[in-house]
Amino acid sequence: MKDNAPVAPYLRKICGESWTHLVDPTCKALDFIGIRTIGQLRKNLATDKARISRVLASTGFPLSIHLRIQNLLENKEIEQKTTKKMMLHLRKLSMTFNGVYVDKVEAKSEEAKKGIKKGWKVLAINKKPMHSQREIIEMISSRVAQGIPFGVEFSTSSPPPLPSQPPPRCPSLLHPNPHDLGGLLAWERQSLPS
(Lines give C-alpha, C1' and ligand atoms only; values in the text may rest on other atoms or scores of the structure.)
Protein backbone atom coordinates (compact mmCIF):
# COMPACT_ATOMS: atom_id res chain seq x y z
CA MET A 1 0.00 0.00 0.00
CA LYS A 2 1.88 3.03 -1.28
CA ASP A 3 1.38 6.47 0.22
CA ASN A 4 0.67 8.06 -3.16
CA ALA A 5 -2.03 5.49 -4.04
CA PRO A 6 -5.59 6.87 -4.36
CA VAL A 7 -8.03 6.17 -1.53
CA ALA A 8 -10.95 4.77 -3.59
CA PRO A 9 -9.43 1.40 -4.70
CA TYR A 10 -8.14 0.87 -1.18
CA LEU A 11 -11.61 1.43 0.32
CA ARG A 12 -13.22 -0.84 -2.28
CA LYS A 13 -10.78 -3.62 -1.37
CA ILE A 14 -11.48 -3.28 2.35
CA CYS A 15 -15.25 -2.92 2.02
CA GLY A 16 -16.18 -5.89 -0.06
CA GLU A 17 -19.21 -5.96 -2.35
CA SER A 18 -21.78 -5.14 0.34
CA TRP A 19 -20.46 -1.65 1.00
CA THR A 20 -19.09 -0.46 -2.35
CA HIS A 21 -22.01 1.92 -2.81
CA LEU A 22 -20.54 3.99 0.05
CA VAL A 23 -17.04 4.35 -1.43
CA ASP A 24 -17.75 7.19 -3.89
CA PRO A 25 -19.59 9.45 -1.40
CA THR A 26 -16.84 8.78 1.16
CA CYS A 27 -14.09 9.65 -1.33
CA LYS A 28 -15.93 12.88 -2.20
CA ALA A 29 -16.20 13.76 1.48
CA LEU A 30 -12.51 12.95 2.07
CA ASP A 31 -11.53 14.92 -1.04
CA PHE A 32 -13.53 17.88 0.30
CA ILE A 33 -11.32 17.97 3.41
CA GLY A 34 -8.13 17.51 1.34
CA ILE A 35 -7.57 13.76 1.60
CA ARG A 36 -6.98 12.10 -1.78
CA THR A 37 -4.20 9.55 -1.18
CA ILE A 38 -3.41 6.79 1.31
CA GLY A 39 -0.53 8.89 2.69
CA GLN A 40 -2.85 11.82 3.37
CA LEU A 41 -5.40 9.50 4.98
CA ARG A 42 -2.70 7.90 7.15
CA LYS A 43 -1.34 11.31 8.21
CA ASN A 44 -4.79 12.69 9.07
CA LEU A 45 -5.73 9.51 10.90
CA ALA A 46 -2.61 9.87 13.05
CA THR A 47 -3.37 13.50 13.91
CA ASP A 48 -7.19 13.56 14.00
CA LYS A 49 -8.91 10.15 14.23
CA ALA A 50 -12.18 11.74 15.34
CA ARG A 51 -12.43 13.82 12.16
CA ILE A 52 -11.87 10.83 9.87
CA SER A 53 -14.34 8.76 11.90
CA ARG A 54 -16.97 11.49 11.54
CA VAL A 55 -16.49 11.53 7.76
CA LEU A 56 -16.76 7.72 7.56
CA ALA A 57 -19.81 7.68 9.84
CA SER A 58 -21.49 10.46 7.88
CA THR A 59 -21.40 8.36 4.71
CA GLY A 60 -22.79 5.28 6.46
CA PHE A 61 -19.77 3.03 7.02
CA PRO A 62 -20.20 0.72 10.03
CA LEU A 63 -17.75 0.70 12.93
CA SER A 64 -16.19 -2.57 11.68
CA ILE A 65 -14.97 -0.76 8.53
CA HIS A 66 -13.68 2.22 10.55
CA LEU A 67 -11.61 -0.15 12.69
CA ARG A 68 -10.35 -2.15 9.70
CA ILE A 69 -9.19 1.03 7.94
CA GLN A 70 -7.55 2.30 11.11
CA ASN A 71 -5.78 -1.01 11.81
CA LEU A 72 -4.49 -1.38 8.27
CA LEU A 73 -3.23 2.19 8.10
CA GLU A 74 -1.51 1.86 11.46
CA ASN A 75 0.05 -1.42 10.27
CA LYS A 76 -1.53 -3.41 13.09
CA GLU A 77 -2.71 -6.01 10.61
CA ILE A 78 -0.28 -7.96 8.46
CA GLU A 79 -0.52 -6.72 4.90
CA GLN A 80 1.23 -9.69 3.36
CA LYS A 81 -0.85 -12.77 2.79
CA THR A 82 0.21 -15.76 4.80
CA THR A 83 -0.75 -18.96 3.05
CA LYS A 84 -1.11 -22.46 4.37
CA LYS A 85 -1.32 -25.55 2.16
CA MET A 86 -2.64 -28.86 3.41
CA MET A 87 -3.94 -32.20 2.20
CA LEU A 88 -7.42 -33.19 3.36
CA HIS A 89 -9.08 -36.59 3.20
CA LEU A 90 -12.56 -36.05 4.58
CA ARG A 91 -15.40 -38.47 5.26
CA LYS A 92 -17.85 -35.54 5.35
CA LEU A 93 -17.72 -31.77 4.95
CA SER A 94 -17.73 -30.28 8.46
CA MET A 95 -17.21 -26.61 7.70
CA THR A 96 -19.37 -23.91 6.18
CA PHE A 97 -18.43 -20.99 3.97
CA ASN A 98 -19.38 -17.35 3.51
CA GLY A 99 -18.26 -16.72 -0.04
CA VAL A 100 -14.67 -17.96 -0.24
CA TYR A 101 -14.12 -17.61 3.53
CA VAL A 102 -14.45 -20.35 6.12
CA ASP A 103 -17.47 -19.38 8.22
CA LYS A 104 -17.65 -22.24 10.72
CA VAL A 105 -15.62 -25.35 11.55
CA GLU A 106 -17.28 -28.08 13.59
CA ALA A 107 -15.41 -28.94 16.78
CA LYS A 108 -13.60 -32.30 16.73
CA SER A 109 -13.96 -32.58 12.94
CA GLU A 110 -11.11 -33.51 10.61
CA GLU A 111 -10.93 -29.87 9.52
CA ALA A 112 -10.60 -28.68 13.13
CA LYS A 113 -7.89 -31.29 13.79
CA LYS A 114 -5.96 -29.92 10.81
CA GLY A 115 -6.17 -26.44 12.35
CA ILE A 116 -8.51 -24.77 9.86
CA LYS A 117 -9.98 -21.61 11.39
CA LYS A 118 -12.95 -19.33 10.81
CA GLY A 119 -12.04 -16.38 8.58
CA TRP A 120 -9.46 -18.23 6.47
CA LYS A 121 -9.86 -17.60 2.75
CA VAL A 122 -9.85 -20.56 0.35
CA LEU A 123 -7.42 -19.61 -2.42
CA ALA A 124 -7.24 -22.89 -4.36
CA ILE A 125 -8.28 -26.53 -4.29
CA ASN A 126 -5.96 -28.95 -6.10
CA LYS A 127 -4.15 -25.86 -7.44
CA LYS A 128 -7.34 -24.58 -9.11
CA PRO A 129 -8.14 -21.01 -7.95
CA MET A 130 -11.49 -20.68 -6.17
CA HIS A 131 -13.69 -17.64 -6.76
CA SER A 132 -17.04 -18.54 -5.21
CA GLN A 133 -18.69 -20.49 -2.43
CA ARG A 134 -20.41 -22.68 -5.02
CA GLU A 135 -17.09 -23.69 -6.62
CA ILE A 136 -15.62 -24.59 -3.23
CA ILE A 137 -18.57 -26.70 -2.12
CA GLU A 138 -18.85 -28.50 -5.46
CA MET A 139 -15.12 -29.27 -5.55
CA ILE A 140 -14.91 -30.49 -1.95
CA SER A 141 -18.22 -32.41 -2.07
CA SER A 142 -17.17 -34.35 -5.18
CA ARG A 143 -13.84 -35.32 -3.55
CA VAL A 144 -15.56 -36.32 -0.29
CA ALA A 145 -18.16 -38.42 -2.13
CA GLN A 146 -15.42 -40.25 -4.05
CA GLY A 147 -13.18 -40.60 -0.98
CA ILE A 148 -10.32 -38.83 -2.77
CA PRO A 149 -7.78 -36.71 -0.85
CA PHE A 150 -7.33 -33.16 -2.10
CA GLY A 151 -5.04 -30.21 -1.52
CA VAL A 152 -6.31 -26.86 -0.25
CA GLU A 153 -4.47 -23.55 -0.10
CA PHE A 154 -5.74 -21.00 2.44
CA SER A 155 -4.86 -17.40 3.12
CA THR A 156 -4.70 -17.25 6.91
CA SER A 157 -4.35 -13.47 7.17
CA SER A 158 -7.32 -12.44 5.05
CA PRO A 159 -9.81 -10.29 6.92
CA PRO A 160 -13.08 -12.08 7.60
CA PRO A 161 -15.97 -11.14 5.34
CA LEU A 162 -18.39 -8.38 6.20
CA PRO A 163 -22.10 -9.06 6.63
CA SER A 164 -23.70 -9.90 3.30
CA GLN A 165 -26.39 -7.23 3.61
CA PRO A 166 -25.72 -3.70 4.83
CA PRO A 167 -28.14 -2.47 7.48
CA PRO A 168 -30.98 -0.28 6.24
CA ARG A 169 -30.09 3.41 6.10
CA CYS A 170 -32.18 5.69 8.25
CA PRO A 171 -32.14 9.46 7.95
CA SER A 172 -30.53 10.93 11.00
CA LEU A 173 -29.95 14.37 12.38
CA LEU A 174 -26.58 13.14 13.60
CA HIS A 175 -25.26 12.39 10.13
CA PRO A 176 -25.57 14.87 7.25
CA ASN A 177 -26.37 13.88 3.70
CA PRO A 178 -23.07 12.58 2.22
CA HIS A 179 -23.91 14.22 -1.11
CA ASP A 180 -24.26 17.67 0.52
CA LEU A 181 -20.59 18.49 1.09
CA GLY A 182 -21.40 21.99 2.35
CA GLY A 183 -23.67 20.47 4.99
CA LEU A 184 -20.96 17.95 5.85
CA LEU A 185 -18.43 20.73 6.41
CA ALA A 186 -20.90 22.73 8.53
CA TRP A 187 -21.71 19.61 10.54
CA GLU A 188 -18.00 18.90 11.01
CA ARG A 189 -17.34 22.50 12.20
CA GLN A 190 -20.14 22.36 14.78
CA SER A 191 -18.90 18.96 15.98
CA LEU A 192 -15.36 20.19 16.65
CA PRO A 193 -14.54 21.10 20.24
CA SER A 194 -14.29 24.87 20.85
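To keep it simple, each residue is scored yes or no on (1) outside any loop (DSSP other than H, G, I, E, B); (2) surrounded by 18 or more Cβ atoms within 10 Å (Cβ to Cβ); (3) of a type outside the set (S, T, Y).
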| site | (1), (2), (3) |
| --- | --- |
| T96 | yes, no, no |
| V102 | yes, yes, yes |
| A107 | no, no, yes |
| A112 | yes, no, yes |
| K118 | no, no, yes |
| A124 | yes, no, yes |
| H131 | no, no, yes |
| I148 | no, no, yes |
Filter region 32-44 for residues that are touching a Leu at 6+ places or on another chain (Cβ under 9 Å) and open to solvent by 10 Å² or more (accessible area, probe 1.4 Å) and give the result.
F32, I33, R36, Q40, R42, N44
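In region 81-91, which residue that is among the charged types (D, E, K, R) and either modelled with pLDDT of 90 or more or not in a loop (DSSP other than H, G, I, E, B) (or both) is most open to solvent (accessible area, probe 1.4 Å)? Step through it out loud before you land on a result.
Filtering region 81-91 down to residues among the charged types (D, E, K, R) leaves 81, 84-85, 91.
From the residues that got through so far, the ones that are either modelled with pLDDT of 90 or more or not in a loop (DSSP other than H, G, I, E, B) (or both) too are 84-85.
Values: K84: 92, K85: 152 Å².
Looking at the filtered set, the residue picked out is K85.
The values are calculated or read from the model by the stated rules, or taken from the named source; none is laboratory data. Nothing here was measured: the structure is a model prediction, and the numbers come from that model. Neighbour counts run over all protein chains shown; Cβ positions are idealised from the backbone, glycine included. Each accessible area value is taken on the protein alone, full model and side chains, heavy atoms only, with ligands, DNA and RNA left out. Shrake-Rupley method; radii C 1.70, N 1.55, O 1.52, S 1.80 Å.
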